[in-house]
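Inspection log for the structure reproduced underneath, given as structure tokens.
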Amino acid sequence: MSATGDGPGADVRSRRSPSRWQWIALLLLLGAVFVGLRAAHGVQAHPVPLMLSTGRVVVVGLRGRYELTPGDLSVLNAHAGKVQVAAVSVRPRYIGDCAAAGWATLGAGRRTSLEGLCDPSVKGQRIPDWPQRLAAAAARYGDAQPGTLAASVPGCVAAVGPGAALAAARPDGTVARYDSVGQFLANGLATPCPLTLVDPGEEADFIIGVMARRSDQTLIVTGVGPPAGSHDPRLQVMYIVGSAPAGWLTSASTRRTGVINLSDLTRSLIDFGRGSVGTETAHVDGASLQVTLANVTAADAQHHLDAVGALSHAVLRGDLALGICGAALLVLLVISAVKHKLGLVRVIAGWACILPAAMMLTGAVPWYETRSPGLFLTMVVSGWGIVLTVIALTAARHLNLPVAVAGAALTVAAFSADAALGAVMEPGSMLNSRPVNGGRWYGFGNVTFAVYASAALIVLGYLAHRLRMAGRRRITPIALAVVGFGVVLCDGWPSMGADFGGVLALTPILVWLVLAFTDVRITWARVLAGGAAAVVVAGVISWLDWRRGAAVRSHLGVFFQRILDGDAENIVIRKAIAAGASIVTLVGIGSLVIGMAAWIVIFGRLVPRLAGEFSTIHTTAVAALSVAILGTLLNDGGITIWYTMTAAIAISVTALWFDAAYQGGLADVLSPASGNRGDHLPPGSIRSLMDKDT
């Protein structure tokens with residue numbers, strides 16, 4: 001590979017840059033595509049409310065219902081096409097906590113903890129250790145209020161079995177009506193209250209079979225937690241017999257067809273008791289159950305449980321395969337760089353830059369529904385990686401861009417397209433928040449935000465470079481504001497990324513970036529104004545989401561409601577503690593040390609050598625470092641933001657360095673004088689083209 005201007009990169013350098021009108025046409029085209037995708041999102045079928053139309057509801061809670069049993073199959077087959085089914089996240093406050101914590105979560109309508117009190121008992125219609133359970137729920141800034149379910153419905157709530165008593169108890173620990181399982185069977189499974197909760201023990205299949213045959217009541221069968229001695233956090237089955245319409249259960253809490261939270265059932269039971277849907281209920285996090293219309297069979301239900309499980313477990317095999325592939329390519333890159341085979345180095349660097357987009361686009365293919373999801377996922381991400389690498393290299397060639405910038409632009413395009421469609425790819429992609437964690441169900445998570453923000457900053461920095469080098473300083477801040485705050489909108493809007501913390505972290509840095517590229521003097525007043533702008537933007541988005549109503553709000557609107565209720569303090573403290581705790585772990589400390597070393601290399605060695613090809617690279621890197629720090633401090637993901645953004649920017653800057661080596665020769669890039677690249681580039685280089693435009 002030649003290291004001179006006559007090498008393989010010469011034809012790339014000789015191409016003219018697109019004219020101003022070509023860039024405007026491209027931006028208009030991209031805007032039209034975005035509007036079209038939003039329109040497509042708007043015409044998507046919406047779920048309908050679940051109608052619990054009978055006079056009584058019976059909830060049977062089961063331990064370890066990860067798969068359908070013969071009894072479940074019998075009931076579902078007998079009511080084929082008439083049931084509602086979902087995988088339910090039974091997670092209480094701590095992942096893998098016992099089934100008693102699941103029952104308590106159902107009664108509180110919020111995730112709670114029992115601090116090891118996993119063997120409840122009932123004496124004289126009262127739970128004797130209720131004060132200890134209240135203290136456990138409030139420990140470590142917990143905000144769940146046990147007894148909320150019973151206190152929120154006008155009729156009585158009956159309990160059968162000790163676990164059910166935790167959910168049916170009133171705020172003082174008493175139960176309106178309590179029977180042991182033996183008494184319940186002896187009484188002919190009588191249900192005198194409008195709502196009956198049953199902890200059936202070994203009699204589960206018999207009780208479910210009898211209840212399913214009664215036409216005057218609605219039967220809800222749901223998992224509530226792992227078996228005794230287990231900490232398995234997998235989602236479990238829920239199905240409903242005797243309600244309408246038939247289909248897959250969903251809710252505004254998850255926005256996923258066939259996936260709900262246990263607290264969503266609490267909300268629906270309260271709505272049933274009050275005779276209304278979407279009623280404002282303080283201190284309940286769940287949303288009313290909805291139905292995506294479909295004729296669900298028993299086979300469909302089991303297949304769905306397996307597919308949801310694959311999103312948590314098979315994705316790890318995909319990550320492992322990707323890690324092995326990445327390590328092998330890293331070794332090949334080092335060998336190729338040593339041997340000055342810069343063409344191959346550039347291809348590998350391009351692959352690394354488009355990798356986030358490839359991981360996102362895996363969500364466009366239902367790999368998790370195949371018989372070998374891990375293998376199929378590996379094939380999908382490999383295919384996307386090849387396609388996007390070719391596109392990035394082709395775009396870099398024809399648009400006269402560094403391949404790192406082309407890769408960043410593809411990443412921004414992929415993430416923005418997903419946001420425009422309502423973040424439909426994220427849940428099924430390699431970037432998904434695993435269902436077993438029961439965390440973020442929709443929108444953009446911490447890792448997604450970090451790679452999206454990193455790619456956006458690279459694109460914004462290079463856009464500023466091209467505009468400034470072309471002498472178009474007046475339109476630079478306008479272009480940056482449109483693109484940058486478009487990314488903020490995609491990341492934070494409730495029906496797109498729904499990322500509150502990302503808006504807070506990215507907005508002030510974008511304000512600073514626009515001011516910096518406008519050559520405005522940066523003062524503390526302007527810095528504080530940027531921070532205030534972030535709070536205002538996040539607040540307005542949350543307020544607009546809150547105005548949509550309880551039945552459809554995202555977590556942004558829910559948090560706004562908690563502020564109005566004076567009930568937001570504990571959740572803010574818990575998130576702050578989670579962010580801090582992530583930093584003081586072994587992984588956190590290691591990430592800080594390695595990350596700081598990486599940033600020292602970026603600013604000390606790589607950025608100065610790229611100033612000629614990318615005149616705004618220093619400011620761009622400062623912005624990225626600032627977002628990494630702010631994001632770490634403002635998100636409960638904590639250190640996740642730091643190491644993801646550090647890795648993303650390190651990859652991009654390294655790719656820029658290799659691209660400069662490919663364009664102008666490795667010797668030039670390595671020379672001490674290469675900090676001023678404009679003095680060493682051949683006539684056809686990018687910098688020369690920019691000077692010519694000027």
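The values are calculated or read from the model by the stated rules, or taken from the named source; none is laboratory data. Owing to the predicted nature of the structure, the values given are computational and were not obtained by experimental measurement. Here the Cβ positions follow ideal geometry from the backbone for every residue, glycine too, while neighbour counts run over all protein chains shown. Note: areas computed on protein heavy atoms with side chains; ligands, DNA, RNA excluded. Shrake-Rupley method; radii C 1.70, N 1.55, O 1.52, S 1.80 Å.
Annotations for the structure displayed:
- Three-way shape label, the range 390-541, alpha-carbon gyration tensor, a/c 1.5: oblate
- Given +1 at the Cβ of Lys and Arg, -1 at the Cβ of Asp and Glu and no other charges, the dipole of the range 104-242 around its Cα centre is 320 debye to the nearest 20.
- Per residue, the accessible area of the range 377-438 comes to 29 Å², computed with a 1.4 Å probe over protein heavy atoms only.
- Dipole of the range 533-671 [Lys/Arg +1, Asp/Glu -1 at C-beta], most positive-end residue of SER652, ALA597, TRP546: TRP546
- Magnitude of the charge dipole, the chain, Cβ model with Lys/Arg +1 and Asp/Glu -1, debye to 20: 1620 debye
- Taking 4.7 Å between beta carbons as the limit, the unpaired Cys residues of the chain are CYS325, CYS353, CYS490.
- Gap separating the Cα centres of the range 440-477 and the range 326-351, nearest whole Å: 26 Å
- For Kirkwood radius over Cα pairs in Å, calculated from these coordinates, the label among [x] 27.2; [y] 25.6; [z] 28.3: [x]
- Between the residues GLY612, THR218, GLY182, the greatest Cα displacement towards the positive end of the dipole of the chain, with unit charges on the Cβ of Lys, Arg, Asp and Glu, is found for GLY612.
- The Cα center of the range 354-393 and the Cα center of the range 145-160 differ in position by 47 Å.
- ILE386 contributes an accessible area of around 110 Å² to the protein surface, as traced by a 1.4 Å probe with all chains present.
- Taking the protein heavy atoms of the chain in the context of the full set of protein chains, the accessible area attributed to carbon and sulfur is 65 percent at 1.4 Å.
- For the range 68-199, the square roots a ≥ b ≥ c of the C-alpha gyration tensor eigenvalues yield an a/c of 1.5 or more together with a/b not exceeding b/c, which makes the shape oblate.
- Counting heavy atoms of the protein chains alone, TRP130 has an accessible area of about 10 Å² for a 1.4 Å probe.
- Considering only the chain, percent of DSSP beta bridges that pair antiparallel, nearest 5: 45 percent
- Part-to-part distance (alpha-carbon centres) for the range 210-246 and the range 527-573, which is given in Å: 34 Å
- Taking the average, over residues, of other Cβ atoms within 10 Å as the packing measure, peptides 423-433, 131-141 rank 423-433, 131-141 from highest down.
- Normalised contact order of the range 415-485, rounded percent, pairs of Cα under 8 Å and 6 or more residues apart: 21 percent
- The trypsin sites (Lys or Arg not before Pro) found in the range 153-239 that occupy coil by DSSP, while having at most 15 further C-beta atoms within 10 Å, are ARG213.
- Per-peptide average of other Cβ atoms within 10 Å, ordering 472-482, 252-262 highest first: 252-262, 472-482
- Three-way shape call for the range 232-377 based on the alpha-carbon gyration tensor, with the a/c threshold at 1.5: prolate
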